[in-house]
1. Any idea how many residues of segment 95-117 are assigned to a helix (DSSP H, G or I), open to solvent by 70 Å² or more (accessible area, probe 1.4 Å) and not acidic (Asp, Glu)?
2. Of all residues in segment 2-22 being basic (Lys, Arg) and assigned to a loop (DSSP other than H, G, I, E, B), which is modelled with the highest pLDDT?
3. Could we say that GLY25 is part of a loop (DSSP other than H, G, I, E, B), in contact with a strand residue (DSSP E or B) (Cβ under 7 Å, 6 or more places away or on another chain) and in contact (Cβ under 8 Å) with a residue 40 or more places away in the chain here?
4. Give me the residue from segment 1-30 that is of a type in the set (Lys, Arg) and open to solvent by 60 Å² or more (accessible area, probe 1.4 Å) and, out of that set, nearest to MET84 (Cα to Cα).
Amino acid sequence: MRDWDDRQAIYRQLADRLAGQLLDGDPPEGQAMPSVRSLASQYLLNPLTVGRALQALDDDGLLESRRGLGLFVKPGARERLRQMERERFMQREWPQLRQRLKQLGLTPEQLQWETPT
């Protein structure tokens, strides 16, 4: 497991990790998220920190609370998350990456989008 980065709140880092898992389909839409206790144990974090991470995902419209049952992945959450991440990438990461490629003198022709098999 990666270490936590001091430059960003741990709950936000955990929310990002969980969002990455949701993008990969884990857990699938309609299925329950792991419990706060389970995640706290897995990531060695305070349950309040885990709860805050799950709340961030809920605030993003990815989860739904079912009284007495826990949090579940909303139908359409994966596509919603994919769209949010694409927008974030294009606004924040791509300009920096494009600048770095220009700095290194790399052209689109030199980049391999697929790894050779």
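1. Let us first name the residues in segment 95-117 that are assigned to a helix (DSSP H, G or I), namely 95-104, 108-110.
Adding the requirement that they be open to solvent by 70 Å² or more (accessible area, probe 1.4 Å) leaves 96-100, 102-104, 108-110.
Checking which are not acidic (Asp, Glu) leaves us with 96-100, 102-104, 108, 110.
Number satisfying all stated conditions: 10.
2. Residues of segment 2-22 that are basic (Lys, Arg), as a first pass: 2, 7, 12, 17.
From what is left, the residues that are assigned to a loop (DSSP other than H, G, I, E, B) are 2, 7.
Details: ARG2: 63, ARG7: 93.
Filtering first and then ranking leaves ARG7.
3. On the way: part of a loop (DSSP other than H, G, I, E, B): yes; in contact with a strand residue (DSSP E or B) (Cβ under 7 Å, 6 or more places away or on another chain): no; in contact (Cβ under 8 Å) with a residue 40 or more places away in the chain: yes.
Criteria not met by GLY25.
4. Filtering segment 1-30 down to residues of a type in the set (Lys, Arg) leaves 2, 7, 12, 17.
Then keep just the ones that are open to solvent by 60 Å² or more (accessible area, probe 1.4 Å); that gives 2, 7, 12.
On the way: ARG2: 24, ARG7: 22, ARG12: 15 Å.
Applying the filter and picking the extreme gives ARG12.
One line per residue, one yes/no per condition, for (1) part of a loop (DSSP other than H, G, I, E, B); (2) surrounded by fewer than 17 Cβ atoms within 10 Å (Cβ to Cβ):
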residue	(1), (2)
LEU48	no, yes
GLN55	no, yes
SER65	no, yes
LEU71	no, no
PRO75	yes, yes
GLU79	no, yes
ARG86	no, yes
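The values are calculated or read from the model by the stated rules, or taken from the named source; none is laboratory data. Computed from a prediction, not measured in an experiment: that's the story for all the values here. Ideal geometry is used to build each Cβ from the backbone, glycine not excepted, and the neighbour counts take in all protein chains shown. Areas reflect the complete protein model, heavy atoms only, side chains present, ligands, DNA and RNA absent. Shrake-Rupley method; radii C 1.70, N 1.55, O 1.52, S 1.80 Å.
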